[in-house]
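Every read-out reported here was derived from the displayed coordinates using simple, explicitly stated rules and does not represent laboratory data. What you see is a predicted model; the values in this text were computed from it and never measured. For neighbour counting, all protein chains shown are included, and Cβ atoms are generated from backbone atoms with ideal geometry for every residue, glycine included.
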Amino acid sequence: MSADDPGDADRLDDPDDADRLDDPVVTRVEVPVDTRAPDGTTNAYVLDGLLVDPAARTDALDAAVAERGSSPSGGPADALAAPSVEAIAVTHAHPDHVGAVADYAALTGATVVAREGHADRFAAAAGIAPDETVAPGETVADTAVRAVDTPGHAPDHVAFAVGGPEAGGPPERSSRAVLCCGDLAVAEGSVAVAAPEGDLAAYLASLERVRDAGYDRLLPGHGPAIDDPAATCRRLIEHRIARERDVIAAIDGGAADLDAVVDGAYEKDLSGVRDLALATVAAHVEKLVTEGRVEGAWRARLADRGFE
Ligand SMILES: [Zn+2]
């Protein structure tokens, strides 16, 4: 789907994969958001009865939630299938992921689910209190979708998994393992992990877990699907490690405050994104202080700029 055509829904099941008829049927709808999302859009998904990240209400998303059932056949079984949306959840409560949670809760009557321990944050962002919470490792409401712990980009960040061997059934009928991964990963470029909310150590650990979990496909909150999950996780980990090297080099080179680290660690022109670069560098410095790899005085320098 092209970025200038945000209204269409994509069926992400692969019709050529005829021997895997029970692959999870996933519908993606790219919806426009007026926040700082990378390309001005966020992907909402319907996967196995769970509506994920309804960031805005659109006709295409209305149509996706009105579709029936998760039966891929379109046959008579569909008539007996449950409504397509039984529950609504978000990968994290950033403004570009929660905008239409309340709208679709009212429209569908689906169970609204927040991550355990973050119900207040969810309610404040989405404007609606959750009906229940889910902890990582559990299934979401009455769906078969599993919540997967992926903090880092935000403290409440969670991903949603369907399919794969854990879904049960004989091996020849096992489906592809798909992870709706929010802002953990993107196909190109990188996602923001910025202080004070972002936690780089947690983010790297999340990437390593997802890298090793053997998913066949990642469905990110922004941009196209990721069909090489392990390679993409490795690329994103390497990107962070390279930036960390640049931050350490700037500090070793005599940078005495966060702004000087930003100047030393980035070669590109930062006009327009300097605040994000500063918050990113702050997240790196927080990690390095915690790990004892830069002197403790950096804690005060972080506080000076409003971090921590
Ligand atoms: Zn976010």
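Close amide-amide hydrogen proximity is noted between HIS157 and GLY152, each under 5 Å apart and 5 or more residues distant or on a separate chain (H modeled in the peptide plane; Pro and chain starts excluded).
3J(HN,Hα) along region 207-213: 4, 5, 5, 5, 4, 8, 7 Hz, from the Karplus curve 6.51 cos²θ - 1.76 cosθ + 1.60 with θ = phi - 60°, whole Hz, x for Gly and Pro. Positive end of the dipole of region 253-304 (Cβ unit charges, origin at the Cα centre): among ALA297, GLY253, LEU270, the Cα lying farthest that way belongs to ALA297. In order along region 142-151, the phi-based Karplus estimate (6.51 cos²θ - 1.76 cosθ + 1.60, θ = phi - 60°) of 3J(HN,Hα) comes to 9, 8, 9, 7, 9, 7, 10, 5, 9, x Hz; Gly and Pro are listed as x.
Can you give the charge dipole size of region 166-308 about its Cα centre, rounded to the nearest 20 debye, using +1 on the beta carbon of Lys and Arg and -1 on the beta carbon of Asp and Glu?
On the way: 17 positive and 26 negative charges, 60 e Å.
Roughly 280 debye for region 166-308.
Cβ-Cβ distance of GLU138 and ALA205, R₀ of 22 Å, FRET efficiency by 1/(1 + (r/R0)^6): the value works out to about 0.65. All other residues whose Cβ lies under 14 angstrom from that of ALA231 are scored, Lys and Arg at +1 and Asp and Glu at -1, for a net of -3. In the calculated pair-distance distribution of region 253-304, the portion above 17 angstrom amounts to 31 percent of the Cα-Cα pairs. Seen from all directions on average, region 124-255 presents a Cα convex hull projection of 9.8 nm².
Taken one residue at a time, the phi angles of region 28-33 give Karplus couplings (6.51, -1.76, 1.60, θ = phi - 60°) of 10, 10, 7, 10, x, 10 Hz. Gly and Pro are set to x. Scanning residues 5 or more positions from THR42 or on other chains, those with amide H under 5 Å from its amide H are VAL31, VAL33, with H placed 1.01 Å from N in the peptide plane. Here the residues THR111, THR133, ranked from fewest to most Cβ neighbours within 10 Å of their Cβ, fall in the order THR133, THR111.
Name the GluC sites (Glu not before Pro) in region 210-284 that are in a loop by DSSP and that have at most 16 other C-beta atoms within 10 Å, would you?
Numbers: sites: GLU238, GLU244, GLU267; in loops: GLU267.
Filter output for region 210-284: GLU267.
Tally Lys and Arg at +1 and Asp and Glu at -1 over the other residues with C-beta under 15 Å from the C-beta of ASP142: what net charge comes out?
Here the charged neighbours net out to -4.
In this structure the amide hydrogen of ASP48, modeled in the peptide plane, comes within under 5 Å of the amide hydrogens of VAL25, none closer than 5 places in sequence on its chain.
Please compute the net charge surrounding GLY221, taking Lys and Arg as +1 and Asp and Glu as -1 over other residues with Cβ under 10 Å from its Cβ.
Details: positive: none; negative: ASP53, ASP96, ASP183.
Here the charged neighbours net out to -3.
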